[in-house]
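Here the structure comes first, spelled out in structure tokens, and everything after it is commentary.
The values are calculated or read from the model by the stated rules, or taken from the named source; none is laboratory data. Keep in mind that this is a model prediction, so the values were computed, not measured. FYI the Cβ positions are ideal-geometry reconstructions off the backbone, even for glycines, and counts take in every protein chain you see. For the accessible areas, the whole protein counts, side chains as well, though only heavy atoms, and no ligand, DNA or RNA atoms are used. Shrake-Rupley method; radii C 1.70, N 1.55, O 1.52, S 1.80 Å.
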Amino acid sequence: MTEKTSPLDSAPEDIKLAVDLIYLLESNEIAPEIALSALAMVKKDLEEKLKNKS
């Protein structure tokens, strides 16, 4: 039996994560404005972690 592969299988990790996040948001019917607000918080948190890492 042959396994089907998707172009996503060989995509960079950030693309895979973005696709997963989009799927999660859409499948849970999260309103775009709520998603953007939450993503802004996540971005700020991750930027702080990067800043503290250096």
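What to note about this one:
- Using a probe of 1.4 angstrom and keeping all protein chains present, the accessible surface of the chain works out to 99 square angstrom per residue.
- Isotropically averaged projected area of the chain, using the convex hull of Cα atoms (one quarter of hull area), nm²: 5.8 nm²
- Helix axis angle, 32-53 relative to the chain longest principal axis, alpha carbon, degrees: 70 degrees
- Against the main long axis of the alpha-carbon atoms of the chain, helix 13-27 sits at an angle near 90°.
- Element breakdown for the chain at a 1.4 angstrom probe: carbon and sulfur atoms account for 62% of the accessible area.
- In the chain, lysine pairs closer than 25 Å at Cα, eight or more apart or cross-chain: 9
- Stretching the chain fully between Ala38 and Ala18 yields a gain of 5.8 nm (0.36 nm per residue, less the alpha carbon separation).
- With contributions of -39500 (n - 2.57) from each DSSP H run of at least four residues, the per-residue ellipticity at 222 nm computed over the chain stands at -23500 deg cm²/dmol.
- Sites listed here are GluC sites (Glu not before Pro) in the chain whose DSSP assignment is loop and whose Cβ has at most 16 other Cβ atoms within 10 Å: Glu3, Glu29.
- Distance between the stretch 26-46 and the stretch 1-23 - C-alpha centres, whole angstrom: 21 Å
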